[in-house]
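Visitor: Got a structure for you, written out below as structure tokens; questions coming shortly.
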Protein chains: 2
Amino acid sequence: MTVTDLTTTTSAGECERLLVAAHDAANAWGSKRPAERARVLDGIANAIDEAAGKLLPLAEEETNLSRGRLSSELQRTTFQLRLFGQQLRDGAYLRAIIDLPDPQWPMGAPRPDLRRTHVPIGPVVVFAASNFPFAFSVAGGDTASALAAGNPVLVKAHSGHPRLSAMTADVVTSVLEAAGAPEGVFGLLYGVEAGRTALADPRIKAGSFTGSIPGGRALMDIAVSRPDPIPFYGELGSNNPVFVTEQAAHQRPTEIAEGFVNSFSLGAGQFCTKPGTLFVPAGSDIVPRLEAAVLPAAAKLLNGRIAGGYQASLGELTSHPHVEVLAQGTESSPDAPSPTLLKTQARHLLEDPRVLESECFGPAALVIEYDDESQLVPLATTFEGQLTATIYAGDTCDVNNLVQVLREKAGRLLWNQWPTGVSVTYAQQHGGPYPATTSPGSTSVGTAAIERFLRPVAFQGFPRHLLPEELQDANPLGIPQTVNQPTQSA
Amino acid sequence: MTVTDLTTTTSAGECERLLVAAHDAANAWGSKRPAERARVLDGIANAIDEAAGKLLPLAEEETNLSRGRLSSELQRTTFQLRLFGQQLRDGAYLRAIIDLPDPQWPMGAPRPDLRRTHVPIGPVVVFAASNFPFAFSVAGGDTASALAAGNPVLVKAHSGHPRLSAMTADVVTSVLEAAGAPEGVFGLLYGVEAGRTALADPRIKAGSFTGSIPGGRALMDIAVSRPDPIPFYGELGSNNPVFVTEQAAHQRPTEIAEGFVNSFSLGAGQFCTKPGTLFVPAGSDIVPRLEAAVLPAAAKLLNGRIAGGYQASLGELTSHPHVEVLAQGTESSPDAPSPTLLKTQARHLLEDPRVLESECFGPAALVIEYDDESQLVPLATTFEGQLTATIYAGDTCDVNNLVQVLREKAGRLLWNQWPTGVSVTYAQQHGGPYPATTSPGSTSVGTAAIERFLRPVAFQGFPRHLLPEELQDANPLGIPQTVNQPTQSA
């Protein structure tokens with residue numbers, strides 16, 4: 001295993017070589033049977049698990065995240081690779097639909113033999129995130145789902161963990177080589193310029209990103225401004241508000257206060273699903289408990305840029321005339337800030353939502369006291385698109401209107417649970433309207449993430465031997481096929 | 001039924017009123033049970049069928065299309081509305097997935113109760129097309145699928161058939177009113193400026209368009225440049241090449257020549273799936289048959305702008321040094337041009353693909369003679385994204401590589417059939433990589449078109465009574481639910 005020399009960024013010539021190789025590998029990789037790609041994904045997962053002893057210390061050194069946190073993330077990452085493998089074996093992801101010919105089709109013209117499947121979109125460039133050096137980085141969810149879909153992947157490494165990126169890439173590459181995959185199926189790029197060059201290149205057919213709003217928007221603008229625009233799946237920013245009803249605040253003030261402190265400060269607040277805002281009834285027992293809470297110790301943030309951004313965001317909030325500090329740990333330093341809880345009142349949020357609802361990436365959150373539950377719907381309405389929105393309530397609370405507003409705002413709604421800790425499952429939805437993501441119809445976590453990197457193709461009147469296997473009558477792959485959907489009188 | 005006054009375009013004030021109304025109607029319309037919306041779509045279909053006697057003469061007058069052609073299109077349009085209604089009753093379109101809690105979830109943390117459905121994306125602006133005054137216009141596929149998904153729709157009327165647009169809108173509005181739908185569920189806009197204003201407005205959550213590459217790209221740029229970018233589904237341009245193998249040319253020259261003439265000149269060549277290029281072996285019997293073909297009579301094009309664009313495109317092709325006229329009708333006029341067949345050789349296409357492969361909207365097509373079948377793959381490779389690509393071949397022809405290249409280029413591949421006449425079915429795919437569309441993962445024809453106007457939302461840990469009906473254990477809607485997908489050891 002060799003760690004790439006990191007003194008320079010990827011040169012234009014090397015970038016071109018990787019783009020050519022990715023282009024040339026697309027057909028061979030995309031043409032493999034899904035189960036063959038699943039074996040390779042399993043192999044990558046196994047190899048990462050085996051390399052954990054080398055990967056984890058390097059991750060700890062480069063990101064300042066704790067060993068326990070990183071170890072869980074690595075487990076999540078290899079589980080994710082295997083789950084996409086399982087999805088490939090299952091085959092439902094192809095959404096194979098077969099319409100047999102129908103001379104009486106009520107459209108007024110006979111229905112031809114039409115069969116629809118999904119094919120790989122083409123080479124993908126993945127921009128890795130800083131805050132999940134495994135799960136949203138070199139071998140993370142975007143890479144796993146794009147490879148599973150049958151696409152070559154170029155990962156633009158995050159500058160926050162360059163050596164871990166190289167080591168992870170070496171693990172991935174070794175497995176691909178041993179499996180006989182074409183060389184260009186996977187490549188690693190370093191540096192902003194290389195990433196931009198790849199995203200703008202006509203051989204790249206989609207881009208994905210997890211990071212900040214300005215960074216993601218700048219990349220999206222490149223993708224959509226190309227002579228041939230391509231899909232860009234960016235996960236940008238989210239405040240993840242939590243709404244506590246009067247009943248819940250009355251019945252469970254301690255549980256809610258403790259849970260909130262734990263969730264907002266987890267991983268030093270560096271989760272995209274960190275709850276940034278907590279709405280509580282004025283005068284409830286939650287605020288005193290938060291004020292008296294023993295906050296977790298200060299922890300070093302991911303890197304200097306993150307720390308600088310956090311100080312700037314926090315400064316903007318604390319200098320707001322109607323924001324006060326509710327609780328703050330001692331022993332703070334610019335690189336390792338103490339968790340901080342701020343407080344304001346609902347009327348100030350209604351007056352100035354943009355500042356008070358902006359994401360503050362790091363261990364801070366804003367508690368907002370409301371006077372009356374009837375304010376919750378107007379308060380929720382002020383938010384932009386979110387990854388999550390949470391309600392703490394009793395089962396008898398009338399929150400129908402609040403749920404209705406929040407489902408227009410967010411991709412995932414939670415009930416009496418905290419938004420941090422995103423489960424990788426079939427029903428997961430990690431996405432939402434802008435600026436939560438640039439593509440509200442997609443998810444970057446869960447099995448549905450594979451759909452971002454597929455494109456539908458229909459075959460009309462094709463002979464059996466030229467159809468993709470998943471569309472053949474004999475169904476040699478044994479996958480779910482939807483044949484001749486029932487036609488009621490139309 | 002009143003026909004709107006057309007002397008002016010929609011004013012800024014009226015546009016604002018429609019945007020407010022669409023925004024205000026979203027919740028009520030989107031909250032209706034799918035079967036209730038299906039009843040409304042059926043009602044619109046019935047009302048359009050009943051109004052055919054008034055609609056068809058107006059369409060004929062405004063578009064120059066024949067009564068027979070328009071009558072078929074109207075039938076297709078009302079069938080389409082009913083098919084989306086059927087899809088709503090079936091409920092599979094919601095893709096309801098239920099993951100029950102699993103304490104042993106191999107990710108390393110217990111799996112919560114997670115349930116995913118799809119919700120309406122929000123108010124949609126639909127830019128109507130000129131060439132399908134029913135099926136891709138006021139009550140066409142985009143309107144039907146967006147309404148079916150639960151979204152209010154503002155249609156920007158095409159200037160080519162303003163009175164038909166108004167009359168169709170009145171039919172739609174009458175049905176919606178009678179059904180008690182909120183007023184803003186449907187509105188009609190006139191004029192380029194009103195369309196742009198609506199597309200840029202924060203209350204609009206998606207746009208769709210069928211038309212030219214420059215027009216579509218300009219609108220896409222508005223959608224993606226908003227402070228909050230939104231999905232834009234544009235169907236722009238396509239050449240729809242047809243590849244004839246030597247065997248097919250040898251065995252069926254007459255059938256292929258006749259079929260091609262019929263397909264390229266159908267509706268005066270004003271279909272987005274018109275085959276613009278026919279590749280035939282040099283020296284085959286097809287070219288002499290085309291040369292001798294009796295071409296259909298000249299027909300008046302949709303309008304003066306279309307006719308002007310056609311003359312310009314045709315002029316560019318005929319002035320190409322290596323393009324010659326193969327066959328052309330007499331009695332041509334600028335507004336009613338005769339069908340025209342042009343011819344060149346494969347080597348010229350390889351040298352200058354951009355000009356020779358550009359779409360010529362109207363009754364012209366280019367026949368390209370190749371010397372050897374081995375040229376077909378490199379020829380296919382030169383094309384940009386296409387709606388369709390067609391192969392005429394015998395069952396023993398080795399066209400595997402050609403199929404592989406074409407499925408990277410096009411959304412629908414046809415085998416020994418012509419691409420015009422797009423069937424509205426479950427497996428249909430009407431889309432493709434840019435510039436065929438701006439969104440390669442979507443279709444604008446067939447039941448999957450509804451997915452463009454939906455957004456996934458997951459509910460975590462929700463009590464039964466607050467879940468959408470499609471996610472409840474009792475499944476009161478009786479729709480397909482995927483519960484606890486099988487987990488092999490992962």
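The values are calculated or read from the model by the stated rules, or taken from the named source; none is laboratory data. It should be emphasised that the depicted structure is a prediction, and the values quoted were computed from it without experimental measurement. Counting neighbours? That spans all protein chains shown, and the Cβs are built from the backbone with ideal geometry, glycine included.
Visitor: With (1) touching a strand residue (DSSP E or B) at 6+ places or on another chain (Cβ under 8 Å); (2) among the charged types (D, E, K, R); (3) touching a residue at least 24 places away in the same chain (Cβ under 8 Å) as the list, and A:Arg289 as the residue in question, which single condition is left unmet?
Guide: Failing condition for A:Arg289: (1).
Visitor: Let me ask something else about it. Taking B:Ser313, is it of a type in the set (Gly, Ala, Ser) and not in a loop (DSSP other than H, G, I, E, B)?
Guide: Yes.
Residues are listed down the side, and each one gets a yes or a no for (1) farther than 30 Å from B:Ala59 by Cβ; (2) touching a helix residue (DSSP H, G or I) at 6+ places or on another chain (Cβ under 8 Å):
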position	(1), (2)
B:Asp285	yes, yes
B:Glu291	yes, no
B:Ser313	no, no
B:Pro321	yes, no
B:Val325	yes, yes
B:Thr330	no, no
B:Ser338	no, no
B:Leu342	yes, yes
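Visitor: Just checking, which of A:Leu56, A:Leu41, A:Leu70, A:Leu18 is touching a residue at least 12 places away in the same chain (Cβ under 8 Å), in contact with an Asp or Glu (Cβ under 9 Å, 6 or more places away or on another chain) and either within 12 Å of chain B (Cβ to nearest Cβ) or in a helix (DSSP H, G or I) (or both)?
Guide: On inspection, the qualifying residue turns out to be A:Leu70.
Visitor: Does at least one position in region B:377-400 carry a residue that is out of contact with any strand residue (DSSP E or B) (no Cβ under 8 Å at 6 or more places or on another chain), among the β-branched types (Val, Ile, Thr) and at pLDDT below 95?
Guide: yes
Visitor: Assuming B:Arg82 fulfils every condition listed in (1) closer than 21 Å to B:Lys156 by Cβ; (2) at the interface with another protein chain (Cβ under 9 Å from one of its Cβ atoms) apart from one, which condition is it?
Guide: In the conditions (1) closer than 21 Å to B:Lys156 by Cβ; (2) at the interface with another protein chain (Cβ under 9 Å from one of its Cβ atoms), B:Arg82 misses (1) alone.
Visitor: Check off (1) buried (at least 16 other Cβ atoms within 10 Å of the Cβ); (2) more than 7 Å from chain A (Cβ to nearest Cβ) for B:Ile98 and give me the number that stays unchecked.
Guide: That leaves (2) as the condition not met.
Visitor: Kindly establish whether B:Thr7 is modelled with pLDDT under 95 and either in contact with a Gly (Cβ under 8 Å, 6 or more places away or on another chain) or away from chain A (no Cβ under 14 Å) (or both). Break it down stepwise before answering.
Guide: Numbers: modelled with pLDDT under 95: yes; either in contact with a Gly (Cβ under 8 Å, 6 or more places away or on another chain) or away from chain A (no Cβ under 14 Å) (or both): yes.
Spelling it out, B:Thr7 is indeed modelled with pLDDT under 95 and either in contact with a Gly (Cβ under 8 Å, 6 or more places away or on another chain) or away from chain A (no Cβ under 14 Å) (or both).
Visitor: Might you check whether a residue that is of a type in the set (D, E, K, R), touching a helix residue (DSSP H, G or I) at 6+ places or on another chain (Cβ under 6 Å), more than 23 Å from A:Ala129 (Cα to Cα) and assigned by TED's automatic domain parsing to the domain that holds A:Gly184 occurs anywhere in region A:46-68?
Guide: no
Visitor: Right, something else. Here's a check for you: in region A:27-50, which residue that is of a type in the set (A, V, I, L, M) and within 24 Å of the chain's Cα centre (by Cα) is surrounded by the fewest Cβ atoms within 10 Å (Cβ to Cβ)?
Guide: A:Ala47
Visitor: How many of the residues making up region A:465-481 are part of a loop (DSSP other than H, G, I, E, B) and of a type in the set (Asp, Glu)?
Guide: Residues meeting the conditions: 1.
Visitor: If we scan region B:53-62, do we find a residue that is acidic (Asp, Glu), more than 22 Å from the chain's Cα centre (by Cα) and over 30 Å from A:Gln481 (Cα atoms)?
Guide: Within region B:53-62, one or more residues are acidic (Asp, Glu), more than 22 Å from the chain's Cα centre (by Cα) and over 30 Å from A:Gln481 (Cα atoms).
Visitor: Given the residues A:Arg407, A:Arg464, which is the only one that is without any contact (Cβ under 8 Å) to a residue 24 or more places away in the chain, at the interface with chain B (Cβ under 8 Å from one of its Cβ atoms), charged (D, E, K, R) and over 20 Å from A:Asp90 (Cα atoms)?
Guide: A:Arg407
Visitor: Next question, about the same structure. Can you find, within region B:201-237, the residue that is surrounded by the most Cβ atoms within 10 Å (Cβ to Cβ) among those that are free of Cβ contacts under 8 Å to residues at least 24 places away in the same chain and of a type in the set (A, V, I, L, M, F, W, C)?
Guide: If we take residues in region B:201-237 being free of Cβ contacts under 8 Å to residues at least 24 places away in the same chain and of a type in the set (A, V, I, L, M, F, W, C), then B:Val224 is surrounded by the most Cβ atoms within 10 Å (Cβ to Cβ).
Visitor: Which number in (1) in contact with a strand residue (DSSP E or B) (Cβ under 8 Å, 6 or more places away or on another chain); (2) under 24 Å from B:Ala144 (Cα atoms) marks the one condition that B:Pro202 misses?
Guide: B:Pro202 satisfies all of (1) in contact with a strand residue (DSSP E or B) (Cβ under 8 Å, 6 or more places away or on another chain); (2) under 24 Å from B:Ala144 (Cα atoms) except (1).
Visitor: So, restricting to strands (runs of 3 or more DSSP E) that lie completely within region A:353-464, which ones have at least 2 residues that are among the β-branched types (Val, Ile, Thr)?
Guide: Where strands (runs of 3 or more DSSP E) fall fully within region A:353-464 and carry at least 2 residues being among the β-branched types (Val, Ile, Thr), they are A:364-370, A:386-392.
Visitor: Select from region B:270-284 the residues that are over 13 Å from B:Thr420 (Cα atoms) and part of a loop (DSSP other than H, G, I, E, B) and list them in ascending order.
Guide: Hits for region B:270-284 are B:Ala282, B:Gly283, B:Ser284.
Rundown of residues vs (1) surrounded by 17 or more Cβ atoms within 10 Å (Cβ to Cβ); (2) out of contact with any His (no Cβ under 9 Å at 6 or more places or on another chain); (3) hydrophobic (A, V, I, L, M, F, W, C), yes/no style:
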residue: A:Ile306; (1), (2), (3): yes, yes, yes
residue: A:Val323; (1), (2), (3): yes, no, yes
residue: A:Leu326; (1), (2), (3): yes, yes, yes
residue: A:Leu341; (1), (2), (3): yes, yes, yes
residue: A:Arg354; (1), (2), (3): no, yes, no
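Visitor: Anything in region B:176-191 that is touching a residue at least 24 places away in the same chain (Cβ under 8 Å), surrounded by fewer than 21 Cβ atoms within 10 Å (Cβ to Cβ) and either over 18 Å from B:Val20 (Cβ atoms) or hydroxyl-bearing (Ser, Thr, Tyr) (or both)? List them, or say none.
Guide: Hits for region B:176-191 are B:Ala178, B:Ala179, B:Gly191.
Visitor: A:Thr117 versus (1) touching a Leu at 6+ places or on another chain (Cβ under 7 Å); (2) part of a loop (DSSP other than H, G, I, E, B); (3) within 14 Å of another protein chain (Cβ to nearest Cβ): which is the lone unmet condition?
Guide: In the conditions (1) touching a Leu at 6+ places or on another chain (Cβ under 7 Å); (2) part of a loop (DSSP other than H, G, I, E, B); (3) within 14 Å of another protein chain (Cβ to nearest Cβ), A:Thr117 misses (2) alone.
Visitor: Give me a count of the residues in region B:203-251 that are within 13 Å of chain A (Cβ to nearest Cβ) and assigned to a loop (DSSP other than H, G, I, E, B).
Guide: Number of matching residues: 13.
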